[in-house]
1. Can you say whether residue 103 is at pLDDT 95 or above, surrounded by fewer than 22 Cβ atoms within 10 Å (Cβ to Cβ) and touching a helix residue (DSSP H, G or I) at 6+ places or on another chain (Cβ under 6 Å), as far as the supplied structure shows?
2. May I ask you to list the residues in region 35-55 that are without any contact (Cβ under 8 Å) to a residue 60 or more places away in the chain, in contact with a helix residue (DSSP H, G or I) (Cβ under 9 Å, 6 or more places away or on another chain) and farther than 14 Å from residue 209 by Cα?
3. Regarding region 211-231, can at least one residue be identified that is within 29 Å of residue 102 (Cα to Cα), crowded, with 16+ Cβ neighbours inside 10 Å, at pLDDT 85 or above and within 19 Å of the chain's Cα centre (by Cα)?
4. Within region 163-179, is even one residue in contact with a helix residue (DSSP H, G or I) (Cβ under 8 Å, 6 or more places away or on another chain), surrounded by 21 or more Cβ atoms within 10 Å (Cβ to Cβ) and in contact (Cβ under 8 Å) with a residue 60 or more places away in the chain?
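The values are calculated or read from the model by the stated rules, or taken from the named source; none is laboratory data. Since this is a predicted model, take the numbers as computed values, not measurements. All Cβ positions, even for glycine, are placed from backbone atoms using ideal geometry, and neighbour counts span all protein chains on display.
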């Protein structure tokens, strides 16, 4: 496993940036996001990740950070590009559209990295190895055909990852994997470059983000608890 110390503390993951009403903690207002950007400008080697690739990210985040000196990665779910988030438990309210092909191409042409978040956004907790490998390959193939660039960056659906998936990710042709804190030590011996991310939620302030950077034990516990709560979505979708 190759660790890049310059990215461990300053990589932050967002899901949606908008003013829309949303049940849950993954939607952050553009006003709050602007405050985060001001803070990030004082850090070194900042990477901003956007999981799921909602259209709101293109509408609100893209204009705000496109000229910033940050590494920018968006992770679309390729089966849902240009359509709504039917993979999620929406509560009849959290219905959101994902970016389309044209928007992804524009982001790619403007220096954004288009990473893989899998094809179906089904947790790898409930898939067989063959299904996981197929999901990895389908996503990679779609993005590379669309952008004309190699796709070698991956982050797992729902953040879930286990050691047995490592060989599948490498076999599918990925070189880097972004993992949440609670899975960071899962990859112990691999050719993959493993990068740690800090999840940023609606309730996060500059102070709490700073505590995450400094690996506060309390923040690690809180973030791990929030992550495991996402398993409820996996369960509900499985029985629905």
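1. Working: at pLDDT 95 or above: yes; surrounded by fewer than 22 Cβ atoms within 10 Å (Cβ to Cβ): yes; touching a helix residue (DSSP H, G or I) at 6+ places or on another chain (Cβ under 6 Å): yes.
Taking the combined requirement at face value, the residue satisfies it.
2. Correct list: 44, 45, 50, 55.
3. The initial filter retains those residues of region 211-231 that are within 29 Å of residue 102 (Cα to Cα), namely none.
For region 211-231, residues within 29 Å of residue 102 (Cα to Cα), crowded, with 16+ Cβ neighbours inside 10 Å, at pLDDT 85 or above and within 19 Å of the chain's Cα centre (by Cα): absent.
4. no
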